[in-house]
Structures are given as C-alpha cells and as structure tokens.
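Structure first, then comments.
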Amino acid sequence: MRLISLLIIFAASLLVGSAVAKDESQPLPAPASTAASKSAKAEVDESQVKEHGSYVNRSGQRVHSPAHSTTDAIPQGASAKCRDGTYSFSQHRGGTCSHHGGVAAWL
C-alpha cells in the first residue's frame, strides 16, 4: 500500500513538473473568476419575481429561492423551470427544483 502511495506521489510530481516546464515566454492570461461569473448570472431582478427568499447553496453562495415570474417572461438569472411553474436560480444541477416537483426544463 505504501509503495502504491509513493508511486502516485511520484507520478503526480512528474505531471506537475511537465506543466511547469511549458514555454514561459508568453504571459499567462488572468484567471477567470468563477465566483464573479456565477454571481453575475445569479443576480435576479426582484421586480420580475413574486417570491423573494434565498438559501445558501453547497458552495456557500447565497442563491435566490425558486420563484414565480410576475410576467410570462423568464426571470433574469433563471437556470431551470420547475414543474410547479416556478423558476430556479440554482447554480448546481443536483437538488434543483427538489421541492417544486422536479425540473421541467433546463434554461
């Protein structure tokens, strides 16, 4: 077992070493902020929804709870339509619309 662990560590160090050995003459692009891109999508125009609750998802981010649209339009930031007619603003597929009859359609 110890030998396998050592082999895995050795293989991982080789992979890291080969990644570092790439051409460094070009500057690396700035990393995209996944939190910024997710929060931009998650922004909800409260005037477009009837309910105004929220919850903290498994990533620790506050997310708008599923809500009905005030019009026939899909609310900004919605990721799925639930079977009960609400729109979900979930950032993960697991558990989306779980208390709303399940997912009717992914948006």
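Rounded, prolate or oblate for region 40-106? Axes are the square roots of the Cα gyration tensor eigenvalues, ordered a ≥ b ≥ c, and the cut-off for rounded is a/c under 1.5. Oblate, since a/c reaches 1.5 and b/c is not below a/b. If r is the Cβ-Cβ distance from V56 to R83 and R0 is 25 Å, what FRET efficiency results, to the nearest 0.05? It comes to 0.55.
Less than 5 angstrom separates the built amide H of T86 from none of the residues sequence-distant by 5 or more or on a different chain. The listed peptides 51-60, 92-101, 75-84, ordered by packing as a protection proxy, come out as 75-84, 92-101, 51-60 (highest mean of other Cβ atoms within 10 Å first).
Computed from backbone phi, the HN-Hα couplings of region 91-107 come to 9, 10, 6, x, x, 4, 6, 4, 9, 10, x, x, 7, 7, 7, 7, 9 Hz, rounded to whole numbers (Karplus: 6.51 cos²θ - 1.76 cosθ + 1.60, θ = phi - 60°; Gly and Pro given as x).
Coordinate-derived values only; no laboratory data. Everything quoted here is computed from the prediction, not taken from an experiment. When we count neighbours, we look across all protein chains shown, and the Cβ atoms used for this are built from the backbone with ideal geometry, even at glycine.
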